[in-house]
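Visitor: Okay, here's the structure, questions in a sec.
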Amino acid sequence: MIIEPRTRGFICLTSHPVGCEQNVINQIEYIKSKGKIDGAKKVLVIGASTGFGLASRISSAFGSDAATIGVFFDKPGTEGRPGSPGFYNTAAFEKQAAAAGLYAKSINGDAFSNEVKEQVVNLIKEDLGQVDLVIYSLASPVRTHPVTGKRYKSVLKPIGADFSNKTVDFHTGKVSEVSIKPAEGEDVENTITVMGGEDWKMWMDALKEADVLAEGATTVAYSYIGPEVTKPVYRNGTIGAAKDHLEATAFTITDDLKSIGGKAYVSVNKALVTQASSAIPVIPLYISLLYKTMKEKGIHEGCIEQIQRLYSERLFGGDLALDEKGRIRVDDWEMREDVQAEVSKLWETATTENLSEIGDLEGYSNDFYNLFGFKVDGVDYTADVNEVVSVPSIK
């Protein structure tokens, strides 16, 4: 079929298998161009099919020749209906890994469930014995608790007061005012239950109990802080409360891993276009101004560049450079004083009329469509493609 992008708000309802494949190849080529990283050799990535999780799997495999197991929850394509981009990304990754002689297997299912944890433990035991790096990169809006069976839903709300500020519809370029009501009832608790550190700890407990963590194993989860302008709705809001819980959990997990000399870290990453960030009001406008500023300064990074730097300079480079709260900071270029000062100045003047000049809305839009395999250079979108693609390791 010929697949075209169909959008509804911040979601693209279709994805392109060839575009997704080319996207994965481009990321692999970038990693290979940067040389080898003396990193982990057996890696589990939880949330492995898009964004930072996919970049982590690619960086491990093609930067360190690592065997990788990826966990994700994606839909395969069926006749006449494209699959989700994460499924196509994983198919492309496994294809490239096989060509390079690298072990790569994937499990498609609810990572919050005990059943998927058990499947992963069994696969590690059968094929790898133990893993020495666990990346936790889940970004789901809902979670069914594996003990109680209760379904929790996260919300994106400020805490304590209404929040109003500028945002942009990146499809039209229209800058407008957005207002968001504060959290109420169990909003904060529910968001922490979905996006906090409980499931990360459950994963690490299950892996340690099954003796599939190698001596000195490391685990890393991803977080975000962001600038002053987004604080009321992000870091000081419901999601920020979940991130605080996630970051505190790193210390609990480290204590749990002392018997094997293991460590847990949180890496605070840069603001980037992901399926999750596109849903957050204010963020698209901030990112478009940030992109413009960082590109002009020659310090812009995407997911793959971020994770390559995390691996080569911090995790395996001998200098974690932890901040006062024990976090790894690869948002350091974003949060530079000169960058934030420039973005703040642009924010004050941003309008529908001038955004195309002072911001990089085109870059934001392209990155958004790239997530779904569209607007990728070198892909013929007029060509007929097979929407039914298989992941070799998933039967």
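Quick note: the coordinates plus some simple rules give every number you see, no bench work behind them. Because the structure is a prediction, the values reported are computed rather than measured. Cβ: placed from backbone, ideal geometry, glycine included. Neighbour counts: every protein chain shown.
Visitor: Hey, can you rank 81-91, 379-389, 364-374, 52-62 by average C-beta count inside 10 Å, highest first?
Guide: Most protected by this proxy first, the peptides run 52-62, 81-91, 364-374, 379-389.
Visitor: With a cut-off of at most 13 other beta carbons within 10 Å, and DSSP calling the residue loop, which trypsin sites (Lys or Arg not before Pro) in the stretch 85-193 qualify? Please list them. List each step's numbers first, then the result.
Guide: Details: sites: 95, 105, 117, 125, 143, 150, 151, 153, 166, 174; in loops: 150.
Counting only loop positions with at most 13 other Cβ atoms within 10 Å, the trypsin sites (Lys or Arg not before Pro) in the stretch 85-193 are 150.
Visitor: May I pose another question? Within the set of other residues whose C-beta is less than 11 Å from the C-beta of residue 219, count the net charge using Lys and Arg as +1 and Asp and Glu as -1.
Guide: +1
Visitor: Follow-up. Relative contact order for the stretch 252-393: what is it in percent, counting Cα pairs under 8 Å that are at least 6 residues apart?
Guide: Here the relative contact order equals 31 percent.
Visitor: Take each of the peptides 42-50, 180-188, 275-283, average the number of other beta-carbon atoms within 10 Å over its residues, and list them starting from the highest. Can you show the working numbers first?
Guide: Details: 42-50: 26.9, 180-188: 14.8, 275-283: 20.1.
Going by the mean number of other Cβ atoms within 10 Å, highest first, we get 42-50, 275-283, 180-188.
Visitor: With charges set only on the Cβ (+1 for Lys and Arg, -1 for Asp and Glu), what does the dipole of the stretch 254-300 come to about its Cα centre, in debye to the nearest 20?
Guide: Dipole of the stretch 254-300, to the nearest 20 debye: 220 debye.
Visitor: What's the center-to-center distance, using Cα atoms, between the stretch 78-143 and the stretch 213-227 in Å?
Guide: 18 Å
Visitor: With n ≥ 4 as the cut-off for DSSP H runs, can you work out [θ] at 222 nm for the chain, using -39500 (n - 2.57) per run divided by the number of residues, rounded to the nearest 500?
Guide: One gets -11500 deg cm²/dmol as the mean residue ellipticity at 222 nm.
Visitor: Estimate the FRET efficiency between residue 65 and residue 153 by the formula 1/(1 + (r/R0)^6), using the beta-carbon distance for r and 41 Å for R0, to the nearest 0.05.
Guide: 0.55
Visitor: Could you give the size of the charge dipole of the chain about its Cα centre, using +1 on the Cβ of each K and R and -1 on the Cβ of each D and E, expressed in debye and rounded to the nearest 20?
Guide: I would put it at about 380 debye.
Visitor: Just want to confirm a number: the relative contact order over the stretch 1-151, from Cα pairs under 8 angstrom separated by 6+ residues, in percent.
Guide: 26 percent
Visitor: Going down the list 75/95; 150/243; 34/166; 150/201; 125/263; 181/208, which pairs span over 30 Å between their C-alpha atoms? Walk me through the intermediate numbers first.
Guide: Numbers: 75/95 18 Å; 150/243 21 Å; 34/166 38 Å; 150/201 19 Å; 125/263 21 Å; 181/208 42 Å.
Those over the limit are 34/166; 181/208.
Visitor: Quote the relative contact order of the chain in percent (integer), defining contacts as alpha-carbon pairs under 8 Å separated by 6+ residues.
Guide: 23 percent
Visitor: Excluding residue 366 itself, calculate the net charge of residues whose Cβ lies under 13 Å from the Cβ of residue 366, where each Lys or Arg counts +1 and each Asp or Glu counts -1.
Guide: -2
Visitor: Placing +1 on the Cβ of each Lys and Arg and -1 on the Cβ of each Asp and Glu in the chain, which of 93, 349, 214 has its Cα farthest towards the positive end of the resulting dipole?
Guide: 214
Visitor: Could you list the GluC sites (Glu not before Pro) in the stretch 66-156 that lie in coil according to DSSP, counting only those with at most 14 other Cβ atoms within 10 Å of their Cβ?
Guide: Qualifying residues, ordered by number: 79.
Visitor: Same structure again: Among [x] 151; [y] 142; [z] 132, only one was calculated for this model; which label is it, if the read-out is volume of the Cα convex hull per residue in Å³?
Guide: Read-out taken from this structure: [y].
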